[in-house]
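Written below as structure tokens is the structure these notes are about.
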Amino acid sequence: MLRDSLDYIHAHPEIYFTQEAKKGGYVCPVCGNGSGENGTGIKLIKGQSFRYKCFKCDTSGDVINFYATEHHIDNREAILQVCALYGLEVPTKKFKKITHAYKRISSNAESVKNQAETEILSNDIIIAASHLRETDYFAKRGISYETAERYNCGYIEKWTHPQKRDEKKTFPSPRVIIPTSSESYVARSTDDNKVPKMKAGTTSIFNIDILKSSQQHVVVVEGEFDALSIIEAGNDAIALGSTSNVDKLIDWLREKNIRPHLPLVLSLDADEAGKKATDKLANALRNMRIQFYSVNLIIEGCKDQNESLVKFCDSFLQIIADIPNKVNQLQQQARFKLTDFAKIDKWEKNIHIGRKAISTGWDSLDKALDGGLYEGLYVIPGTPGTGKTAFALQMAFQIAQQQQDILYISMEMGEEEIYERHISRISYQLFWNDEKSRYKAKTVHSMIQEGKTVAQAREVFKKVAPYLRTECSVGTVDADDIRRIVEIYEYELNSLPVVFIDYLQILKAHDAHMTDKQAVDYNVLRLKQLSRDFKIPVVILSSMNRMSYSDVISMAALKESGAIEYTADVCLGLQHANMEQIKTGTSAGKAEKTIRKMKGKSERNMEIIVLKNRNGKIGEELSFSYYAMFHHFSDSEKYLTNNNKIFINANIHDDKIKVL
């Protein structure tokens with residue numbers, strides 16, 4: 001059964017091998033020979049119907065042998081896998097077990113054979129070196145005798161492969177010998193058109209030991225003559241011999257733990273096999289933290305470095321001499337790309353174009369914030385009854401009046417309640433400068449009485465509404481949900497909103513198993529990232545610890561304050577005015593009683609304390625008046641008297657209400 005399977009595999013090589021259209025052979029699965037423009041592919045060995053040879057990587061044998069070499073497995077395992085690949089029944093018969101005694105005999109015989117072959121290879125190198133000057137082949141390839149002698153290169157007029165010298169029929173040919181170690185070499189015909197180069201001995205990388213001692217940028221190329229060309233031009237180089245030897249170089253570097261003195265220069269051929277080998281070597285070098293740069297050292301119109309030397313000697317010499325400058329240039333490019341230098345233009349654009357302050361609508365607050373809101377995380381803490389929501393809703397509306405989009409996330413109130421608060425505040429703003437007409441303003445509860453004031457306020461709101469979006473949800477929205485809404489804004493409207501969140505502590509926990517502090521920390525960090533990624537202001541309202549209700553507001557008083565304290569860009573504490581005086585010299589009970597009386601007033605004196613300002617002054621105290629019945633904040637008496645003319649009865653200037 002196994003014999004039948006093998007016969008079928010040999011009769012159908014095209015199932016495993018890839019056909020190479022131009023030359024009629026197959027692509028070598030080991031080194032890729034045949035896939036390139038000039039690749040010859042693997043060919044049938046003369047006189048044998050199913051055995052092939054690749055003259056580029058020197059792999060030979062049948063389909064099983066090539067599969068085993070490609071996948072680095074033995075022939076037994078290769079038979080099993082190829083049978084499965086061909087859809088044949090996988091053989092279950094065990095292979096004959098080799099006894100230890102036979103192994104020893106085989107091992108000893110193999111050792112004697114290898115020693116004899118090693119001596120032959122060493123003798124070939126010595127003999128060839130003594131006949132170097134009997135050929136002008138190196139000179140034709142642009143390589144001086146001095147360079148060739150330095151690397152023990154030589155010439156044998158009638159050379160045959162060491163493994164075939166005992167055969168009756170041999171076909172000697174003139175060859176130049178390029179040693180790749182003391183026991184291996186490459187034999188290249190001096191008549192390139194007749195026979196390809198052949199390798200003798202275990203495949204080794206030409207001049208690999210130079211990586212231990214070189215003080216130059218060692219160049220990695222494919223062909224030995226390419227390496228000799230670079231050496232001739234005055235720089236160190238090694239040659240893989242074939243792209244399939246990339247693994248040998250990687251393994252050698254790991255085994256020897258070699259770290260070259262200067263970055264390596266990769267300059268393999270530009271064909272498909274060369275590109276794959278370059279990528280593989282580059283990935284391995286990165287993993288080993290060995291610095292390298294890919295540099296093209298082939299002159300346009302030439303196939304490799306050696307042809308560049310022969311055809312354009314002066315230009316090639318200049319290219320090689322310029323390697324240190326080229327590497328330095330690439331290092332500088334990498335430095336410019338990976339460091340802050342690459343971001344300067346972007347930063348400048350943001351500074352001069354993108355980073356425009358968004359006015360809050362209150363002059364005193366804008367001044368304290370150096371113009372208004374910028375990208376970043378703004379936190380507004382306050383105790384119950386200080387008007388946090390009213391303050392945030394009014395600021396959002398005032399920003400929307402500037403035709404700037406607003407996303408208001410409310411975790412406590414419904415959309416209609418928020419709408420009623422807007423209408424109530426607008427109705428008060430329309431008439432509050434005229435004491436005789438103030439009675440026309442509507443509270444939320446008196447709004448049921450439809451009238452001219454409500455209609456006028458509604459018209460004002462309609463002008464601003466296209467820039468307002470209110471989302472009301474209790475405990476079902478977290479920071480990631482808010483990010484998705486912002487992404488929709490960017491996609492659908494090509495615009496980004498200022499985000500308001502009312503309030504932080506009742507945002508949904510990202511994970512149900514989080515503690516309250518973990519949930520707050522996660523949402524704060526994600527909202528900070530939102531502000532940075534989209535370059536928008538994110539305004540968060542925050543509650544405070546109960547123990548701080550009758551105390552002067554501070555960062556420490558924020559509920560679950562760890563992440564807020566360190567992450568916020570700006571923190572604006574909202575409290576009743578004169579809290580310092582109320583607390584000083586009174587008991588906690590008296591302070592609480594005083595605060596309750598202040599909360600009972602229809603007009604309350606409030607203040608904003610700048611607790612944190614990453615890019616500005618801190619400690620400023622801003623005075624505000626809070627008209628709780630109508631959810632309205634006014635920031636200064638001076639501004640009120642200078643702008644009375646804007647509010648005369650129900651006149652609305654330019655469809656906008658200037659908020660005082």
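Bear in mind these aren't lab numbers, they're just calculated from the coordinates by the rules spelled out. Computed from a prediction, not measured in an experiment: that's the story for all the values here. Please note: Cβ atoms are built from the backbone with ideal geometry, for glycine as well, and neighbour counts cover all protein chains shown.
Things to note:
- Taking 0.36 nm per residue of sequence separation and removing the Cα-Cα distance, the Y8/I120 pair yields an extension gain of 36.4 nm.
- Links that overshoot a 29 Å alpha carbon limit, given the list K337/K528; K56/K311; K46/K311; K43/K303; K528/K601; K462/K601: K46/K311; K528/K601; K462/K601
- Extension gain from D533 to W347, taking 0.36 nm per residue of separation minus the Cα-Cα distance: 65.6 nm
- Taking 7 Å steps out from each Cα toward its Cβ at I488 and K463 produces label points 2.9 nm apart.
- Segment 123-166, relative contact order in percent, only Cα pairs under 8 angstrom and at least six apart counted: 48 percent
- Close amide H partners of L266, meaning residues 5 or more places away or on another chain with modelled amide H under 5 Å apart, are V220, Y293, S294, V295.
- Vicinal HN-Hα couplings computed from phi for segment 332-343 (Karplus, 6.51 cos²θ - 1.76 cosθ + 1.60; Hz; Gly/Pro x): 5, 4, 5, 5, 5, 6, 8, 9, 5, 4, 5, 9
- Stretching L338 away from K311 to a fully extended chain increases their span by 5.8 nm, per 0.36 nm per residue minus the current alpha-carbon distance.
- Sequence ranges 167-179, 231-243, ranked by mean other-Cβ count within 10 angstrom, highest first: 231-243, 167-179
- Relative protection proxy for 307-316, 532-541, from highest mean packing down: 532-541, 307-316 (other beta-carbon atoms within 10 angstrom).
- Placing +1 on the Cβ of every Lys and Arg and -1 on the Cβ of every Asp and Glu, with nothing else charged, gives segment 278-423 a dipole about its Cα centre of roughly 780 debye.
- For the pair D322 and M288, label points projected 7 Å from Cα toward Cβ lie 3.0 nm apart.
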